[in-house]
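The values are calculated or read from the model by the stated rules, or taken from the named source; none is laboratory data. In this text, all values refer to a predicted model and were calculated from it rather than measured experimentally. Note that each Cβ is placed from the backbone with ideal geometry, even for glycine, and that neighbours are counted across all protein chains shown. Protein only, heavy atoms only, side chains kept; ligands, DNA and RNA dropped before computing areas. Shrake-Rupley method; radii C 1.70, N 1.55, O 1.52, S 1.80 Å.
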Amino acid sequence: MSLLWRRRRDLHQDQINAIEGLLPTGKYMLIGPPGSGKTSILLHRGQYLRLPPHQLANTKLITFTRTLREFISLSGDNRFPAELITTMRSFVDRFFSTYGVNPPAHVGNLVEANRTRAIAAIDLLDRHGRLVSYDALLVDEIQDLSFEELEFLNRLTDRLMLVGDDRQRVYEGGTTLELAGEICDQRIDLRHHFRISHDICSMADRILVQNDYALSEYCHYTGPTPTPPHSVGPCSRRAQIEALIASLDIQLDTYNEPGDLIGVVVRQRSDCDEVFEALEQIGKLSGRSQVFHSGVSNRHFSEECRICITTIQSCKGLEFRALHWLFAEDDAYLTRQKAYTVVTRAKTSLAVYFNNALPEILAGAFPPAAQGLFDDDE
């Protein structure tokens, strides 16, 4: 389940250049598709800066969600310990604590509340100066951070690496990569990716492309024999869960390499609880799953946790050998960016479950099964 590469020869030259080909000083923006190794590059870049000869020990890796923080922390070691990996919210909370004041109360939607906190933090810096300086800050998933949050981080360090992808925007109101680029000295674009099967890439391309870039054209998938993405339905919520259980029973045996996580993505937290309770009633599945989202604290990934149940918002940055997207039509506010993000969490197998009809965004992404055009066609 580690995000760290063990051997230099396993990396693409673009990845190596982003880790150690850039000067240790400066501010960089790294843009790349899902599966291009952006988060792994951040971890290795952190190791590179902390090790001799640079020895920039006070380097932090900042991410958006608690779930992703726990996922990345599995790869922490003495070169870049898990204690240096934090969420943006926790980082800002500790900043206010250093100044002996409370952060602004949470008002409005998440992005707006985070923007307000960042503005207040910048005001503290203007009035009282910098009490803590960081050797470097490495920031993941910047597409869901406000520009004010990025500007706040920029004020705390002379070494910055921002990583993101506009196609994986889950929250409305985040910064644009063009604005983020204004605080950086150089932009690095990754195009090749290595995690997602070609069929899943093609489905993602039908959902969203950007500047004519297609995932399927730069796919270097290696892994178990993939299966074509498929839909399950129409069927009731109970029938969807029963179909999920039948698939998990097989996939736990099929995908049994260390770190082969199976994901279940749903719209909201109560859905997570419903699925978890159903799985706990099945002998083979009992004790094999955990719920991960922002409302669950002190929950860690482990080798025993083969099945991760999470929400659309909390699945950002995660990766699964097989992915099951349940109750897909329940999200009335499903955007192409959200759908793209969920679909590209899958490496090898993807199933989308629905009650009455697939959302239009997804219906246009599934090719029909092979069949004749007319009833009497063979």
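Being closer than 24 Å to Phe366 by Cα and not in a loop (DSSP other than H, G, I, E, B), is that true of even one residue in the stretch 291-310? It would help to see each step written out before you state the result.
Applying the first criterion (closer than 24 Å to Phe366 by Cα) to the stretch 291-310 yields 309-310.
Next, only the ones that are not in a loop (DSSP other than H, G, I, E, B) stay: 309-310.
Taking every residue of the stretch 291-310 in turn, at least one turns out to be closer than 24 Å to Phe366 by Cα and not in a loop (DSSP other than H, G, I, E, B).
With the requirement that a residue be over 12 Å from Ile188 (Cβ atoms) and among the hydroxyl-bearing types (Ser, Thr, Tyr), what does the stretch 1-55 give you?
Ser2, Thr25, Thr39, Ser40, Tyr48
Within the stretch 51-63, take every residue that is of a type in the set (Val, Ile, Thr) and crowded, with 24+ Cβ neighbours inside 10 Å and give me the one that is nearest to the chain's Cα centre (by Cα). Reasoning before the result, please.
The first filter runs over the stretch 51-63 and keeps only residues of a type in the set (Val, Ile, Thr), leaving 59, 62-63.
Okay, now just the ones that are also crowded, with 24+ Cβ neighbours inside 10 Å, so 62-63.
Numbers: Ile62: 13, Thr63: 9 Å.
Only one residue tops the list, namely Thr63.
With respect to Asn109, is the statement that it is polar (S, T, N, Q), more than 30 Å from Pro52 (Cβ to Cβ), surrounded by fewer than 22 Cβ atoms within 10 Å (Cβ to Cβ) and within 24 Å of the chain's Cα centre (by Cα) true? Walk me through how you get there before you give the answer.
Working: polar (S, T, N, Q): yes; more than 30 Å from Pro52 (Cβ to Cβ): yes; surrounded by fewer than 22 Cβ atoms within 10 Å (Cβ to Cβ): yes; within 24 Å of the chain's Cα centre (by Cα): yes.
Considered against the rule, which asks whether it is polar (S, T, N, Q), more than 30 Å from Pro52 (Cβ to Cβ), surrounded by fewer than 22 Cβ atoms within 10 Å (Cβ to Cβ) and within 24 Å of the chain's Cα centre (by Cα), Asn109 comes out as yes.
Test of understanding: among Leu323, Leu318, which residue is within 20 Å of Pro224 (Cα to Cα), in contact with a Ser or Thr (Cβ under 8 Å, 6 or more places away or on another chain) and assigned to a loop (DSSP other than H, G, I, E, B)? Give the derivation first.
Details: Leu323 fails: assigned to a loop (DSSP other than H, G, I, E, B).
One residue alone meets the criteria, Leu318.
Just wondering, is there one or more residues in the stretch 201-224 that are surrounded by fewer than 18 Cβ atoms within 10 Å (Cβ to Cβ), at pLDDT below 95, at positive phi and in contact with a Ser or Thr (Cβ under 7 Å, 6 or more places away or on another chain)?
Yes, the stretch 201-224 contains at least one residue that is surrounded by fewer than 18 Cβ atoms within 10 Å (Cβ to Cβ), at pLDDT below 95, at positive phi and in contact with a Ser or Thr (Cβ under 7 Å, 6 or more places away or on another chain).
Restricting the stretch 31-45 to residues that are farther than 24 Å from Cys201 by Cα and not charged (D, E, K, R), which is surrounded by the most Cβ atoms within 10 Å (Cβ to Cβ)? Quick ask: steps written out before the conclusion?
Quick first cut of the stretch 31-45, residues farther than 24 Å from Cys201 by Cα only: 43-45.
Checking the rest, the ones that are also not charged (D, E, K, R) come to 43-44.
On the way: Leu43: 25, His44: 23.
Step by step, filter the stretch 31-45, then rank; the result is Leu43.
Of a type in the set (D, E, K, R), open to solvent by 30 Å² or more (accessible area, probe 1.4 Å) and in contact (Cβ under 8 Å) with a residue 24 or more places away in the chain: is that true of Arg115 in this structure?
Values: of a type in the set (D, E, K, R): yes; open to solvent by 30 Å² or more (accessible area, probe 1.4 Å): yes; in contact (Cβ under 8 Å) with a residue 24 or more places away in the chain: yes.
Judged against the criteria, Arg115 is a match.
Conditions: (1) among the hydrophobic types (A, V, I, L, M, F, W, C); (2) out of contact with any Lys or Arg (no Cβ under 7 Å at 6 or more places or on another chain); (3) buried (at least 18 other Cβ atoms within 10 Å of the Cβ). Ile196 meets all but one. Number of the miss?
Among (1) among the hydrophobic types (A, V, I, L, M, F, W, C); (2) out of contact with any Lys or Arg (no Cβ under 7 Å at 6 or more places or on another chain); (3) buried (at least 18 other Cβ atoms within 10 Å of the Cβ), the lone unmet condition for Ile196 is (2).
Name the one entry in Phe320, Phe276, Phe292, Phe301 that is out of contact with any helix residue (DSSP H, G or I) (no Cβ under 9 Å at 6 or more places or on another chain) and touching a residue at least 40 places away in the same chain (Cβ under 8 Å). Quick ask: steps written out before the conclusion?
Numbers: Phe276 fails: touching a residue at least 40 places away in the same chain (Cβ under 8 Å); Phe292 fails: out of contact with any helix residue (DSSP H, G or I) (no Cβ under 9 Å at 6 or more places or on another chain); Phe301 fails: out of contact with any helix residue (DSSP H, G or I) (no Cβ under 9 Å at 6 or more places or on another chain).
Going through Phe320, Phe276, Phe292, Phe301 in turn, the sole match is Phe320.
Which of the following residues is of a type in the set (Phe, Trp, Tyr), closer than 19 Å to Asp135 by Cβ and open to solvent by 50 Å² or more (accessible area, probe 1.4 Å): Tyr48, Tyr28? Don't jump to the end; show me each part of the working.
Values: Tyr28 fails: open to solvent by 50 Å² or more (accessible area, probe 1.4 Å).
Only one candidate passes the filter, namely Tyr48.
Output the helices (runs of 4 or more DSSP H) that fall wholly within the stretch 170-270 and possess 1 or more residues being touching a residue at least 12 places away in the same chain (Cβ under 8 Å) and of a type in the set (Val, Ile, Thr), or say none. Walk me through it before giving the result.
Details: elements: 177-181, 198-207, 237-254.
Output list reads 198-207, 237-254.
Given Leu160, Leu153, Leu125, which one is out of contact with any strand residue (DSSP E or B) (no Cβ under 7 Å at 6 or more places or on another chain) and open to solvent by less than 50 Å² (accessible area, probe 1.4 Å)? Quick ask: steps written out before the conclusion?
Details: Leu160 fails: out of contact with any strand residue (DSSP E or B) (no Cβ under 7 Å at 6 or more places or on another chain); Leu153 fails: out of contact with any strand residue (DSSP E or B) (no Cβ under 7 Å at 6 or more places or on another chain).
Going through Leu160, Leu153, Leu125 in turn, just one is out of contact with any strand residue (DSSP E or B) (no Cβ under 7 Å at 6 or more places or on another chain) and open to solvent by less than 50 Å² (accessible area, probe 1.4 Å): Leu125.
Go through (1) modelled with pLDDT of 95 or more; (2) within 24 Å of Val163 (Cα to Cα); (3) more than 14 Å from the chain's Cα centre (by Cα) one by one and return the number of the condition Phe301 breaks.
Here Phe301 clears every test but (1).
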